[in-house]
Amino acid sequence: MQINRYLLLAFAAAFWSLNFIIGKLLAGAVPPIAINFLRWLIAVLVFLPQTWPDIKGNLPSYLSRGRIHLLLLLVLTGYCVNGIATYLAVNYTTAINASLIQTFSPIIFTLLAFLLYRERIDNIQIVGILASMTGVFWIIFRGEWIRLLQLNVNPGDIIMLLAVISWALYSLIYRKNAATFSPKPLFTMLLLGGLLMNFTLFFIDSVINGLGWVQDLNSSHILGLLALNIFPTLLSFVCWNAAIVKVSAGEAAVFLNLIPVFVTIISVFFLEEALLLSSLVGGGFVIIGVLLVTNSNQISLHFPSTR
């Protein structure tokens, strides 16, 4: 049935929205680096046995001089910087604002594709880019342009913008180079690489700052970490991949815009966050801009389950 693929896309967006909610709930209790490391544990345990035969047979090729740098860059941008910056951002800003700024990623992707690869941007996309940029600045400066002159901003919003830039870089690099790999083994290699790289950062952070936070964990924190592994990491991947082969990139992008909608609903009712008019107006500009950009030439964007 036609509705099934769209229902799966809606579920994927809902599961991804929990990344911001759970990250907000864990903020202050678990360090961002630890959250990002622990997020990949179950995912690696699930996917590694399925794809290990292919990975093992092609490991020398995957780790060749030309490919290892590509894998490390993908892991750094998509599985480390993006995640850590997101979980750090929600320590300072609301889950609502973080999710609204996250919708800006297709715009950054389009701009980077133009700057790095001279991919064409048409007039409609230019309007969309300007609209989205206006929306992001409106969110960051709370609709008060005097804040721009005073550089009075929430650091969490700026950190979230850095997370978006990192994700856009990852998406662009993936789109340009992933064809040389088999999709499932590549996903598992990136998961494993993300786990190892985040463990290294986690170890360094633990040596410097200690592990005092562990003794303060309670059952809700542990359940949150478990849910982080299951919903925005595993189930989102299953739903998204089952549907993405049956819809266009433009249709998929529309459903990704549901993420801040789900985040807003959950945050208002369960986190008791205030829905500011500036966030609502700015988010509207961002989403309108994204719709214009992604539907103009049906841009092919890569949206795996690591959001």
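Okay, here's what the table says:
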{"item": "Exclusive hit being over 17 Å from the mean Cα position of the chain (by Cα), under 28 Å from residue 33 (Cβ atoms) and small (Gly, Ala, Ser), set 284, 210, 194", "result": "210"}
{"item": "Complete set of residues in segment 207-225 that are touching a residue at least 40 places away in the same chain (Cβ under 8 Å) and in a helix (DSSP H, G or I)", "result": "209, 213, 216, 220, 221, 224, 225"}
{"item": "Residue within segment 123-139 that is closer than 28 Å to residue 51 by Cβ, part of a helix (DSSP H, G or I) and not aromatic (Phe, Trp, Tyr) present", "result": "no"}
{"item": "Helices (runs of 4 or more DSSP H) within segment 1-67 that include 2 or more residues under 21 Å from the mean Cα position of the chain (by Cα) and crowded, with 23+ Cβ neighbours inside 10 Å", "result": "2-26, 32-39"}
{"item": "Answer from 168, 179 - the residue that is exposed (fewer than 15 other Cβ atoms within 10 Å of the Cβ), farther than 17 Å from residue 87 by Cβ and aliphatic (A, V, I, L, M)", "result": "179"}
{"item": "Residue list for segment 141-184, filter: in a loop (DSSP other than H, G, I, E, B) and modelled with pLDDT of 85 or more", "result": "154"}
{"item": "From 235, 226, residue being touching a helix residue (DSSP H, G or I) at 6+ places or on another chain (Cβ under 6 Å), at pLDDT 80 or above and not aromatic (Phe, Trp, Tyr)", "result": "235"}
{"item": "Looking only at segment 136-190, and only at residues there that are over 17 Å from residue 89 (Cβ atoms) and among the small types (Gly, Ala, Ser), the one that is farthest from the chain's Cα centre (by Cα)", "result": "143"}
{"item": "Residue in segment 122-140 that is more than 20 Å from residue 290 (Cβ to Cβ), modelled with pLDDT of 85 or more and either surrounded by 15 or more Cβ atoms within 10 Å (Cβ to Cβ) or out of contact with any Lys or Arg (no Cβ under 6 Å at 6 or more places or on another chain) (or both) present", "result": "no"}
{"item": "Test result for residue 99, over 24 Å from residue 199 (Cα atoms) and of a type in the set (S, T, N, Q)", "result": "yes"}
{"item": "Subset tally (residues that are at pLDDT below 90 and not in a helix (DSSP H, G or I)) for segment 252-273", "result": "1"}
{"item": "Test result for residue 198, modelled with pLDDT of 95 or more and either under 27 Å from residue 101 (Cα atoms) or in a helix (DSSP H, G or I) (or both)", "result": "yes"}
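The values are calculated or read from the model by the stated rules, or taken from the named source; none is laboratory data. The model shown is predicted, which means the values in this text are computed figures rather than measured ones. Reconstructed Cβ throughout: ideal geometry from the backbone, glycine too, with neighbour counts over all protein chains shown.
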